[in-house]
Amino acid sequence: MPAGEKQKLHSLNLKAATLSVLVSSSLFIIKIVIGILTNSIAMIASSLDSALDFLSSGINFYAIRHAQKPADHQHRYGHGKAEALAGFLQSIIIFCSGFYLIYVSIKRFFFPEPLENLEWGVGVMIISILLTYFLITYQKNVQKKSKSLVISADRLHYVSDLISNAAVVVSLLATKYFGLNQLDVLAGLGIAVFIIKGSLDILRQSFDTLMDKDISDKYREDILSLIQNISPDILGYHDLRSRSAGDIDFLEFHLELPSHLTVIESHELIEKAMYELKKIHPNIEIIVHTDPAELDIKSGKIKLFDREKPRFY
C-alpha cells in the first residue's frame, strides 16, 4: 500500500478514536449526574457503561497511535498487535463490568428504591441515542476503509450501547406513566447481558490475532489462481501459513519451481508472483521460499528435493 494511502487510513482511524473519546466522556458526565438525580439503576448502569467506553476508547486511541509506528530493531514486524492487545484488555474490563451490573440490578430488585425526575433521564438518554448513532455511523464508514480491529471492536460495543440506551428510555417511560419500577431493574440486566456478549466477541477476535491464528483461507484461492496463470514453470506451492498484525497480514509459503531454472529466473518468477498477489491484497508482507522440483510426466506427480516433507498445503 502506498505510504500516502496508509497515512490517510491511519488519520481516519485516529479521528474515529478521538471522536469516540469525546462522545463517551461527555455521555458519562451527563449520565452520572442525571442518574444520581433520578436514582435510576438503569441510568446509573448506563453511566458506568459510558465510563468504561471512555476507558476503552482511551486505550484504543493509544493503541492506534502506537500501532502505526514503523518497524524498528526491537519490533521488526511492526507494532500492529498493539490494536489486538488493546482489544483484549478492553474486553476483560467490559466483561467484568457486565457482571457488576448484574449484581447491582439483582440487589435493586430485592431492595427497590423510588425514582425521581424521570423526565430528565429520558431527555438525557435521547441525546445519548442521537450521539451514539452518529458515532457508530462514522465508525462504520471508517472501518470499511481501514479494516481496523480496534475500530470494529469499539463500534461493536457502541452498537450495544445504542440498544441499551433505548431500553433505558423504555424503562423510564414505563416507570413514569405506569409505575413499573421493576422494569428499570430489567433494563439494567439487559444492558449487562449486551455488555458481556459484546466483550466475548471482542475477546475472541483479539485472542485470535495475539495467538497468530492462521488466516490462509483468505488467500488460498488467489495464490492458486496466480500459480495457474503467471507461468507454467510454477509447479505448485506448499507450507502456506499466515497471520495478522493490525492492518498488515504476513504470508509465508514455499513455491515449487523446476530444478533447471537459474537463480535469476527463479527470482523473477517469485517477484512476479508477489507483485500480482499484492495488487489484489495491498496490505500484506510476503516471504517466499523457493523449492526445486521436477514434474514426472507419466504420473503427473511433483518430486520435491526438500529434506523435510511439506507440512500443509
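We did not get these values from a lab; they are worked out from the coordinates using the rules stated. Every value quoted in this text rests on a predicted model; they were computed, and no experiment measured them. Here the Cβ positions follow ideal geometry from the backbone for every residue, glycine too, while neighbour counts run over all protein chains shown.
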Legend entry - Spatial separation of Cα centroids for the range 242-275 and the range 12-59, in angstrom: 48
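Using only DSSP helix segments of four residues or longer, with each worth -39500 (n - 2.57), what per-residue ellipticity at 222 nm results for the chain after dividing by its residue count and rounding to 500?
Details: 8 runs with 210 residues, N = 313.
Computed mean residue ellipticity for the chain: -24000 deg cm²/dmol.
If the viscosity is 0.890 mPa s and the temperature 25 °C, what Stokes-Einstein diffusion coefficient in µm²/s follows for the chain when Rh is the Kirkwood radius over Cα pairs? Walk me through the numbers on the way to the answer.
Numbers: Rh = 22.4 Å.
Reported coefficient: 110 µm²/s.
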Inset, instruction - Could you tell me what fraction of 2.2 N^0.38 Å the Cα radius of gyration of the range 142-226 comes to, as a two-decimal ratio? - result: 1.65
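Report, in order of residue number, the helices in the chain meeting two criteria: a C-alpha extent of 18 Å or more along the helix axis, and a mean Kyte-Doolittle hydropathy of at least 1.6; treat each whole DSSP H run as one helix. Intermediate values should be presented prior to the final figure.
Values: long enough: 3-38 (51 Å, 0.96); 41-67 (38 Å, 0.81); 81-110 (45 Å, 1.16); 118-146 (41 Å, 0.60); 149-178 (43 Å, 1.01); 182-210 (42 Å, 1.00); 263-280 (26 Å, -0.11).
Long hydrophobic helices here: none detected.
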Legend entry - Total charge dipole magnitude, the range 3-210, about the Cα centre, Cβ charges on Lys, Arg, Asp, Glu only, Debye to nearest 20: 780
Inset, instruction - Filter the trypsin sites (Lys or Arg not before Pro) in the range 74-181 down to the DSSP loop ones having no more than 12 other Cβ atoms within 10 Å, then list what survives. - result: 76
Legend entry - Protection proxy ranking of 52-63, 215-226, 231-242, 124-135 - average other beta-carbon atoms within 10 Å, highest first: 52-63, 124-135, 231-242, 215-226
Legend entry - Dipole magnitude of the range 216-304, debye to nearest 20 (Cβ charges: Lys/Arg +1, Asp/Glu -1, about Cα centre): 200
Inset, instruction - Step through the residues of the range 232-241 one at a time and calculate ³J(HN,Hα) from phi using the Karplus curve (6.51 cos²θ - 1.76 cosθ + 1.60, θ = phi - 60°), rounding each to whole Hz and writing x for Gly and Pro. - result: x, 6, 7, 7, x, 8, 7, 6, 6, 8
Inset, instruction - Apply the Debye scattering formula to the range 248-303, with a single equal point scatterer on each alpha-carbon and no solvent, then give log10 I(q)/I(0) at q = 0.30 Å⁻¹. - result: -1.16
Inset, instruction - Could you name the aspartates and glutamates whose alpha carbon sits less than 16 Å from that of residue 144, not counting residues in the same chain fewer than 8 places away? - result: 5, 154, 247
